[in-house]
Amino acid sequence: FRWAVFDRFIDEYTTALPDSGFPWRKFVDLIAAVGPTQARTDAFLSASESFLRVPRYEISQALDQLETHGLLVREHDRVHIVPDALGDFLLENACVNSRGETTGYADAVFRHFRSDNLPSLLSNLAELEWRLEQKDSPGRVLQGIWTEMESEFKAADAVGRCETLEALRGAAVFQPAQTVRIVRSAMDTVARPGFVLNYWEKTQADVIEELPNLLGPLAHVREHTEEVIRRLFALAQLPSDRLDHRAAKVLRDLAKYKLHKSVSFLLHLAEIAATLAREPAAFRGPFTPLDIADELLEREVRHEEFQELTFRIGSVPLNHTVVAPLRDSALTIIAESLNAKDPRR
């Protein structure tokens, strides 16, 4: 029913726009794919001119018309379609047919707009792919794009890899398996150095610095939790010039008690930490399983919230009956460490 309403709405909406021969439906489909985007830049206008095959001045006029009519909303210097559900509807109709099969639209937009709109484009397409998967649709909108990106990532220098990893942040939670494959390439192969603007060098160390923030959300995907935690732990063992090691910070955050955080996730994390603690290399670096145990032994939850212009900081007491197994796991790690033959442990 919602899809029928949106379909009728967009038909009536585009009919109300100036009858100048401009491809309104194609243009709003494009904004749905790449938004929020900086639509006034030369890069976007040039790519749109090639993609839609209309003069860029008509594209600029169309942006004004859509903003005036309220279909596009500008936030800072970026525009996007409102409501969000309408944007989702437009993108799905453009990318898949009535049988749920891909139309090739996603690949075409990717080729034209990847250089300047990759983060938002990947995020939108990954969310679409996830929605199709929930409906058991054959979709595979991103299949060709992932194949191309993985191949390019393996061949890229450190600059290209850093750009790809940064662009993946919004898509990672919707496409965890594909993101984990790229993380494996980033960690298991060394990128050759590259230069940003021909003077600022980036190396494998910069690639490694991008990984913790990408891996953090993936730890909550059950089938990838152990691999993600182990990879974060391996990253936390590496030397870093930063005062606050990024991988160690993400691991501590994952182990913290938080309002609404799943106890089953923390139990799984405690089990992984206990296994890590028994491995010979676990205590050779600055971060150890004891740092995870330390977080699990906290007695209350720090809680922060915003309400209008008010920022509140407080604490919430734990239900110790519920968290008792977590505390027992942490204490077991400590007891085993105290009785270990390795003096460092």
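The values are calculated or read from the model by the stated rules, or taken from the named source; none is laboratory data. Keep in mind the model is a prediction, meaning the values are calculated, not measured. FYI the Cβ positions are ideal-geometry reconstructions off the backbone, even for glycines, and counts take in every protein chain you see. These area figures cover heavy atoms from the full protein model, side chains too; ligands, DNA and RNA do not enter into them. Shrake-Rupley method; radii C 1.70, N 1.55, O 1.52, S 1.80 Å.
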Taking 1 over the mean of 1/r across every pair of different Cα atoms in the stretch 1-138, what Kirkwood radius in Å do you get? 15.3
About the Cα centre of the stretch 113-235, what is the dipole size in debye to 20, counting +1 per Lys and Arg Cβ and -1 per Asp and Glu Cβ, all else neutral? 180
Return the lysines within reach of Lys202: Cα separation strictly under 25 angstrom, same-chain partners fewer than 8 residues apart disregarded; answer none if there are no such residues. Lys154, Lys249
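Rounded to the nearest angstrom and ordered from largest down, what semi-axes does the equivalent ellipsoid of the chain get from its C-alpha gyration tensor (root of 5λ)?
Details: eigenvalues 396, 118, 69 Å².
The answer is 44, 24, 19 Å, longest axis first.
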Which angle between 0 and 90 degrees, to the nearest 10, do you get for helix 84-95 versus the longest principal axis of the chain when only C-alpha atoms count? 70
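Considering only protein heavy atoms and a probe of 1.4 Å, how much of the accessible area of the stretch 179-294 is carbon and sulfur, as a whole percent? Mind showing how you got there, number by number?
Working: 3190 of 5910 Å².
In the stretch 179-294, the share of accessible area belonging to carbon and sulfur is 54 percent.
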Just the number, please: carbon plus sulfur as a percent of the accessible area of the stretch 27-153, 1.4 Å probe, no ligands or DNA/RNA counted. 46
For the stretch 203-345 the translational diffusion coefficient, Stokes-Einstein from a Kirkwood Rh over Cα pairs at 25 °C and viscosity 0.890 mPa s, in µm²/s, is roughly 151
Would you list, by chain and number, the aspartates and glutamates whose Cα falls below 18 Å from the Cα of Lys258, excluding same-chain residues fewer than 8 positions away? Asp291, Asp294, Glu295, Glu298, Glu300, Glu304, Glu305
Nearest 10 degrees, 0 to 90: helix 2-16 Cα axis against the chain principal axis: 40
Taking a probe of 1.4 Å and leaving out DNA, RNA and ligands, the stretch 206-301 shows per residue an accessible area in Å² of 47
Surface accessible to a 1.4 Å probe, per residue, for the residues of the stretch 1-106, Å²: 52
In nm, spacing of pseudo-spin labels at Ala177 and Ile313 (7 Å Cα→C-beta vector): 4.3
Can you tell me the alpha carbon radius of gyration of the stretch 197-277 divided by the globular rule-of-thumb value 2.2 N^0.38 Å? 1.22
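For the stretch 188-285, what's the relative contact order in percent, using C-alpha pairs closer than 8 Å and at least 6 residues apart? Working shown, then result.
Working: 66 pairs, mean separation 20.2, N = 98.
RCO, the stretch 188-285: 21 percent.
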